[in-house]
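Chemist: I'd like to ask you about the structure that follows.
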Amino acid sequence: NVKVTLTAEDALSGVAKTYYRLGTEGSFTEYEGPFFVEEDGAKTLQFYSTDKAGNTEDAKSKSFKIDKSAPLTSATLEGNLVGEWYNTAVKVTLTAEDAHSGVAKTFYRLGTEGDFEEYSEPFFVTSDGAKTVQFYSTDKAGNREDTKSVNFKIDRTAPVTEISLSGEMGGDNWNVSDVTV
């Protein structure tokens, strides 16, 4: 939130009143003391004063920006999903949005420990097993999003089937009895 304090001086007759408006349209409001501007976004405050002799100052303006909201990042997973398992490498794409100051950087890490890396482009996770990707973004105003995560499982390894035969072996690799498989 931005606290606005207006101070006027007049060396001769003295200041009568000060007026302000938030934005460039609409009527001016008489200033009665400091106030807060709380809404996110780019702002323009216009203001002027009058003196006791009836003189009116030309309106002045001050622009400022408020961004109290962290960016929002989402993860998209691409691969061949069968049931709850991907049977291919998984492409992870992170997309961040910020409505006011803009996204500064996005960070990620594979797993839940270790350092975060700066995200610049989609990446692939190729190893088998249960995976977690953690991520967050910061905006140009310095707001940091809470860390989020996405969980998925990869199994790119085909099963291995063994065969076992039992029976009475005869000559030349022929069974001379029933064979149990």
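Chemist: Under 15 Å from a point 7 Å along the Cα-to-Cβ line of Thr88: which residues of the stretch 146-162 have their amide N that close?
Modeler: What the label zone holds, given the 15 Å backbone N cut-off, is 154-157.
Chemist: What does the C-alpha gyration tensor say about the overall shape of the stretch 112-173? Classify as rounded when a/c is under 1.5, otherwise prolate if a/b is larger than b/c, or oblate. Provide the component values of the computation, followed by the final result.
Modeler: Details: a/c = 6.90, a/b = 4.90, b/c = 1.41.
Because a/c hits 1.5 or more and a/b exceeds b/c, the stretch 112-173 counts as prolate.
Chemist: Moving on to the next point. Hey, any idea what the orientation-averaged projected area of the convex hull of the stretch 1-48's Cα atoms comes to, in nm²? Write down the numbers at each step before the final one.
Modeler: Values: hull surface 15.1 nm².
Projected over every direction and averaged, the Cα hull of the stretch 1-48 covers 3.8 nm².
Chemist: Okay, next question. Report, ordered by chain and residue number, the lysines lying within cross-link reach of Lys91, taken as a straight Cα distance under 25 Å and ignoring same-chain residues fewer than 8 apart.
Modeler: Lys105, Lys131, Lys148, Lys153
Chemist: Taking R0 as 22 Å, what FRET efficiency do you get between Thr132 and Lys68 from their Cβ-Cβ distance, rounded to the nearest 0.05?
Modeler: Working: r = 29 Å, r/R0 = 1.34.
After rounding to 0.05, the efficiency reads 0.15.
Chemist: Tell me, what is the FRET efficiency for Val179 and Thr157 to the nearest 0.05, using R0 = 22 angstrom and their Cβ-Cβ distance as r? Could you put the intermediate results ahead of the total?
Modeler: Values: r = 30 Å, r/R0 = 1.37.
Rounded to the nearest 0.05, the efficiency is 0.15.
Chemist: How much accessible surface area, in Å² rounded to 10, belongs to the heavy atoms of Lys68 with a 1.4 Å probe?
Modeler: Roll a 1.4 Å probe over it and Lys68 shows about 100 Å².
Chemist: Can you tell me what percent of all Cα-Cα pairs in the chain are more than 25 Å apart? Numbers along the way, then the final one.
Modeler: On the way: 10303 of 16290 pairs.
Considering the chain, 63 percent of its Cα-Cα pairs are separated by more than 25 Å.
Chemist: Under a point spin-label approximation (7 Å from Cα along Cα-to-Cβ), what is the Thr24-Ala42 distance to one decimal in nm?
Modeler: Roughly 1.0 nm, to one decimal.
Chemist: Something else: Just to verify a number: what accessible area does Asp172 come out at with the full protein assembly present, 1.4 Å probe, Å² rounded to tens?
Modeler: Looks like 140 Å² after rounding.
Chemist: Running a GNM on the chain with Cα contacts under 10 Å, which residue among Ala99, Ala16, Ala141 ends up with the highest mean-square fluctuation?
Modeler: Residue with maximal mean-square fluctuation among Ala99, Ala16, Ala141: Ala16.
Chemist: Give me the Kirkwood hydrodynamic radius of the stretch 8-101, using the inverse of the mean 1/r over all pairs of distinct Cα atoms, in Å to one decimal. Mind dumping the intermediate values first?
Modeler: Working: mean 1/r = 0.0557 Å⁻¹.
Answer for the stretch 8-101: a Kirkwood hydrodynamic radius of 18.0 Å.
The values are calculated or read from the model by the stated rules, or taken from the named source; none is laboratory data. Here the structure is a predicted model, which means the values were calculated and not measured. Neighbour counts are summed over all protein chains in view; Cβ atoms, including those assigned to glycine, are modelled from backbone coordinates with ideal geometry. The protein model used for the area step is the full one, side chains on, heavy atoms only, and it has no ligands, DNA or RNA in it. Shrake-Rupley method; radii C 1.70, N 1.55, O 1.52, S 1.80 Å.
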